[in-house]
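Q: My structure is below; once you've seen it, I'll send some questions.
Values quoted throughout were computed directly from the atomic coordinates according to the rules given, and no laboratory measurement underlies them. Note that the structure is a prediction, hence the values are computed from the model and not measured. Using ideal geometry, Cβ is built from the backbone for each residue, glycine included, and neighbour counts are taken over all protein chains shown.
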Amino acid sequence: MEPDVARPMFDTDELVINMGPQHPATHGVLRIVLKLDGEKVVDADVVIGYLHRGVEKLSENRDWTQIVLLTDRLDYVASAAANLAYVETVEKLLSLEVPRRARYIRTILAELQRLASHLVWLGSHAMDIGAVTVFLYCLRERELILDLFEEYCGARLTYNSMRIGGLPQDLPPNWDKKVLQFCDIQMEKLVDYETLLTHNRIWLERTRNIGVISAADAVAVGLCGPPLRGSGVPRDVRKDEPYAAYAEMEFDVPVGANGDTYDRYLVRLEEMRQSVRIIRQALGGLPEGPVMSKVPRLIKPPAGETYHANESPKGEIGFFIASDGKSTSPYRLRVRPPSFCNLQALPRLVRGHLVADVIALIGTIDIVLGEVDR
Amino acid sequence: MIDLLVIPLIKIVIVLTGVLITVMYLVLLERKVQAWVQTRLGPMRVGPHGVLQPVADVLKLFVKEDITPVRADKSVFMLAPIIVLVPALVALAVIPFGDTVSIFGKPVPLYIADLNIGLLYVVAVASIGVYGIILAGWSSNSKYPLLGGLRSSAQLISYELAVTLTFVSVVLASGSLSMVDIITAQKTNGVWFAFVQPVALFIYTVAALAETNRAPFDLPEAEQELVAGFHTEYSGMRFALFFLAEYANMIVVSAIATTLFFGGWLRPFPNVTMLWFLDYVPSWMWFVVKTFLVLYLFLWIRATLPRYRYDQLMRIGWKLLIPLAIANIIVTAAVKVALSY
Amino acid sequence: MGQALAFYTLAAFILGFGVLVITARNTVHSIMFLVADFLFIAALYAFQGAPFVAVIQVVVYAGGIVVLYLFVVMLVDLKRPPEAHQDRRRRGRLGMVVSLVVLAELVAIAAYKYVSPGAGLPAARPLEPDNVAQVGMLLYTDYLVPFELASMLLLVAMVGAIVLARREL
């Protein structure tokens, strides 16, 4: 039988279905318009903007210190990372030297934040694929991190934990011991998560060879953070352009081999181990001294513009700030949100996969809509 | 007259109430087991340690508004949950819950009916339940329920095949289709069929998980993907019927597993006279304990494993379980023929 | 007496549902009546002392084949009313031919029975209560060739269906 004779008989139409913005698995208010051929995804159109609050524009009317609060609301699962990126950018603009102790504590906070963010990611990713237990285990450990943050700065989610020129306060007494205790617990529990997932056949079948993206493609699309490293590109801002106290820390940058969902999972798990390693080093070598440098009451950076990037749990978060040198707020502030850049790869990742994989792939790029929409 | 009508009626009433209460508490047990695995407490508010939670749940479902979508096919929409539930309950008729006991000097066997074709009867009844699911999906007149209904019925039909094929190998081992005879055969052979037919047990366990839509095959309920599958449009008591049917089916497959593979109501080591003291436990207790252990396995698996994708699930059914089951039948038959010479 | 009563009640139900199957406007309703019909036929078999055939009736027809009907009906667009053929009398003529053929068959069977009563069937053996073994024995001894032929036929049909449904080979 001629194949093109048979085709019109059994041909199917493309089906367009809408996923989100209210869908249990889109991690917030993400909307995806899927074009399906049967169950296979032909194309995906990502629609964003449902959580747009105009953070960048708002910043033009806030003074420099108040903007730290706004950065909390970018990636609300990892506010300390955004805090750090912002204050460092302003410090760069001011050419301000930050005390060494403050830089160490910032590193600890950033790494705790990375752990918390990765725990939320691992939990929700696993739950999307049906492993509910992992989600509760992950949130249990995250709770401990939130307790640590609460003890340090009083907040559990939106920390406002950094100041331009240093930190709002020194560490509370015995906090470092609690963090070390937590590190031990975390290392132990990581083994639990791995027992449930890493060698689980179902997990392997759901994540291996799903959403493969080659190193060249990953760079071309502009992926950053763990998804980029999952494809085998050893790019980590902490290593390449060290900030805070990362230059003095010893840690490895894990990279994947195949660039599939499973590799991205392994990369993030290893990053959690490295984070614990960094926290232990930073606490061990924590220098004495002040945590705040001399900063004028009214911050007024000289005219000029600068860009500074950090490695947030989601990837490379950068701030571009232009100051006119006259007003007490930035002339223009622009965030380079890692979630936004990574989300752009989603249509490429899902093409050719099944609807059920779309769920796994939204999970694997680890987006937070607050950061995507700003 | 008494033998023909009254005693079976009493038995039916006892079995039905027993199963319905078990379903209620199975839901609680599931929530508790899940909670314990996940370092939570589970329901704690209604009654001490939440023991009255099922009562509250049932009350809640009773007073909920029963919504019928405007564009639904009303008669089919109302019928579908009943079609799902009835086969699950009717299948209980052939399951022997215990040895023959004497009540007021009258021997009463602890099953409703011992059919010569008991196993086939179970297969036949189970095959009817599929209709409820398809019809529920269709009559809702809504996109997701229809897709969910088609999916889960396809899943059910494929795995029913695997289950039926394992029945064949058990029948080859026992030489009878009657549930009572299968238990007796395990006594005379002196060994549970779990050890004679380990491959069949494995296939049965996997296929039973899939047939009852339990994790890791709970795709119809994959809320991340299809919202809620075929029962999306159902609410109140009608939704409860689906819920009831799911758990009743779990009990049925566990009871069948107990009967076919774990010696039914026989005590452990039925032929070892040294363990005579085990006989003081009534036979139906052994049955209940074994069934609950199988049920616990279901809950345990749900708390542990991620979920398969639809195509993977179909692949496992058709490319792994069914060929394996057929091979198992051939091997069993060959061994049986070889032994008879 | 009781036997006859049960038989005629069941037969009435079978015929009633049969009529409903062909009169129902909705295809899905029609299929449901068909299932009910099959269940009553199975009940009839059970009453006639053939539980095995009854169960197979349920498993194969009600549980297998009709489910596939339902699948087909659901995957095909139901909203469209049946298309009227250009030649309106064609359907009537077709119905006439089919019913004439069926009638002729029935007459032939009746005539044959009348001419040679009891021939064609071996004298009814007393049925054992457990007739599963009996059926199995017959299938694999006396009727082995037809049985195997039927299975070959089904296999060929299955292969054919797969070949047709696959887009590319």
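Q: Through the Karplus equation 6.51 cos²θ - 1.76 cosθ + 1.60, θ set to phi - 60°, convert the phi angles of the stretch A:188-204 into ³J(HN,Hα) values in whole Hz; use x for Gly and Pro.
A: Each residue of the stretch A:188-204 in turn: 5, 6, 4, 4, 4, 4, 5, 4, 6, 10, 3, 9, 6, 4, 5, 4, 4 Hz.
Q: From the helices alone, meaning DSSP H stretches of at least four residues, give me the mean residue ellipticity at 222 nm for the protein assembly as shown, per-run term -39500 (n - 2.57), in deg cm²/dmol to the nearest 500.
A: -19000 deg cm²/dmol
Q: Let me ask another. Just to be sure I understand: if I project the alpha-carbon convex hull of the protein assembly as shown onto a plane and average over all orientations, what area do I get in nm²?
A: 49.8 nm²
Q: Only Cα pairs within less than 10 Å get springs; with that Gaussian network setup on chain B, which residue of B:86, B:55, B:130 has the largest fluctuation?
A: B:55
Q: Here is a further query. Please average, across the residues of B:308-319, the number of beta carbons from any other chain that are within 10 Å of each residue's own beta carbon, and give a whole number.
A: Values: counts 7, 14, 4, 4, 5, 0, 0, 1, 1, 0, 0, 0.
Mean partner shielding for this stretch: 3.
Q: What are the semi-axes of the equivalent ellipsoid of chain B, taken as the square roots of 5 times the eigenvalues of the Cα gyration tensor, listed largest first and rounded to whole Å?
A: Three semi-axes, in Å: 33, 25, 20.
Q: Next up: Would you please classify the overall shape of the stretch B:61-214 from the alpha carbon gyration tensor, given that a ≥ b ≥ c denote the square roots of the eigenvalues, rounded means a/c under 1.5, and beyond that prolate means a/b larger than b/c while oblate covers the rest?
A: Verdict is oblate for the stretch B:61-214.
Q: Now, a different point. Tell me, what ³J(HN,Hα) does each residue in the stretch C:151-157 have, in order and in whole Hz, if you take phi through Karplus 6.51 cos²θ - 1.76 cosθ + 1.60 with θ = phi - 60° and put x for Gly and Pro?
A: Per-residue couplings from phi come out as 5, 4, 4, 5, 4, 4, 4 Hz.
Q: Read phi for every residue in the stretch A:208-217 and hand back ³J(HN,Hα) as whole Hz from Karplus 6.51 cos²θ - 1.76 cosθ + 1.60, θ = phi - 60°, with x for Gly and Pro.
A: 5, 6, 9, x, 6, 9, 6, 4, 4, 4
Q: Is the shape of the stretch B:1-116 best called rounded, prolate or oblate, per the rule: a/c under 1.5 gives rounded, else a/b larger than b/c gives prolate, else oblate, with a ≥ b ≥ c the square roots of the Cα gyration tensor eigenvalues? Can you show the working numbers first?
A: On the way: a/c = 2.53, a/b = 1.33, b/c = 1.90.
Taking the square roots of the gyration eigenvalues as a ≥ b ≥ c, the stretch B:1-116 is oblate.
Q: Can you give me the relative contact order of chain A as a percent, contacts being Cα pairs under 8 Å and 6 or more apart?
A: Working: 709 pairs, mean separation 98.0, N = 374.
Computed value for chain A: 26 percent relative contact order.
Q: A further question follows. Over all residues in C:58-70, what is the mean tally of Cβ atoms on other chains that come within 10 Å of each residue's Cβ?
A: On the way: counts 7, 10, 2, 1, 5, 12, 5, 0, 3, 9, 1, 0, 8.
Taking all residues of C:58-70 together, the mean is 5.
Q: Residue B:99's amide H: which non-local residues (gap 5+, or another chain) put their own amide H closer than 5 Å, with H modeled 1.01 Å from N in plane and none for Pro or chain starts?
A: Hits under the 5 Å cutoff: B:283, B:284.
Q: For residue A:225, what residues show an amide H to amide H distance below 5 Å, using hydrogens built from the backbone and excluding near sequence neighbours?
A: Those qualifying (amide H under 5 Å, at least 5 residues apart or on another chain) are A:316.
Q: Can you tell me the relative contact order of the stretch B:246-305? Whole percent, Cα pairs under 8 Å, sequence separation 6 or more. Kindly include the intermediate steps, with their values, before the conclusion.
A: Details: 35 pairs, mean separation 25.6, N = 60.
Relative contact order comes out at 43 percent.
Q: Could you sort A:350-360, A:117-127 so that the peptide with the highest average Cβ count within 10 Å comes first and the rest follow in order? It would help to have the intermediate numbers written out before the result.
A: Numbers: A:350-360: 21.5, A:117-127: 24.4.
For the peptides A:350-360, A:117-127, the packing ranking is A:117-127, A:350-360.
Q: Report Rg(Cα)/(2.2 N^0.38 Å) for the stretch A:92-213, keeping two decimals.
A: Working: Rg = 17.7 Å, N = 122, 2.2 N^0.38 = 13.7 Å.
Taking N as the residue count of the stretch A:92-213, the ratio is 1.29.
Q: If you look for lysine pairs in the stretch B:1-122 that are eight or more places apart or on different chains, how many of them have Cα atoms under 25 Å apart?
A: 5
Q: With springs connecting C-alpha atoms under 10 Å apart, model chain B as a Gaussian network and identify which of B:266, B:219, B:297 has the largest mean-square fluctuation.
A: B:297
Q: Going Cα to Cα from residue B:319, which lysines come in below 30 Å? Please leave out same-chain ones fewer than 8 positions away.
A: Of all the lysines, those that pass the test against residue B:319 - Cα under 30 Å, at least 8 places apart if same chain - are A:35, A:40, B:143, B:336.
Q: Right, next: Taking the number of other C-beta atoms within 10 Å as the exposure measure, put A:153, A:138 in order starting with the fewest. Spell out each step's value before the answer.
A: Numbers: A:153 20, A:138 24.
Least crowded to most crowded, the residues run A:153, A:138.
Q: A follow-up question, please. Could you grab the relative contact order for the stretch B:77-222? Cα pairs under 8 Å, six or more apart, rounded to a whole percent.
A: Normalised by residue count, the contact order of the stretch B:77-222 is 23 percent.
Q: How crowded by other chains is B:123-130, given as the mean number of beta carbons from other chains within 10 Å of each beta carbon?
A: 6
Q: Here's something else I'd like to know. Which number comes out as Rg/Rh for the stretch B:7-52 once both Rg and the Kirkwood Rh are worked out on C-alpha atoms?
A: That ratio equals 1.20.
Q: Still on this model: Taking every pair of alpha-carbon atoms in the stretch B:125-223, give the share separated by more than 16 Å as a whole percent.
A: Result: 62 percent of Cα pairs exceed 16 Å.
Q: Which of the lysines could a cross-linker span from residue A:92 if the Cα-Cα distance has to be under 19 Å and same-chain partners fewer than 8 positions apart are dropped?
A: Of all the lysines, those that pass the test against residue A:92 - Cα under 19 Å, at least 8 places apart if same chain - are A:239, A:294, A:300, A:326.
Q: Which residues' amide hydrogens lie under 5 Å from the amide hydrogen of residue A:312, considering only partners 5 or more residues apart or on another chain, with H built in the peptide plane?
A: The list, which skips near neighbours in sequence, is A:317.
Q: How large is the translational diffusion coefficient of the stretch A:146-280 in µm² per second when you combine the Kirkwood radius over alpha carbon pairs with Stokes-Einstein at 20 °C and 1.002 mPa s?
A: Estimated via Stokes-Einstein, D reaches 125 µm²/s.
Q: Among A:373, A:170, A:236, B:279, which comes first, then next, by fewest other beta-carbon atoms within 10 Å?
A: Fewest-to-most ranking of A:373, A:170, A:236, B:279: B:279, A:170, A:373, A:236.
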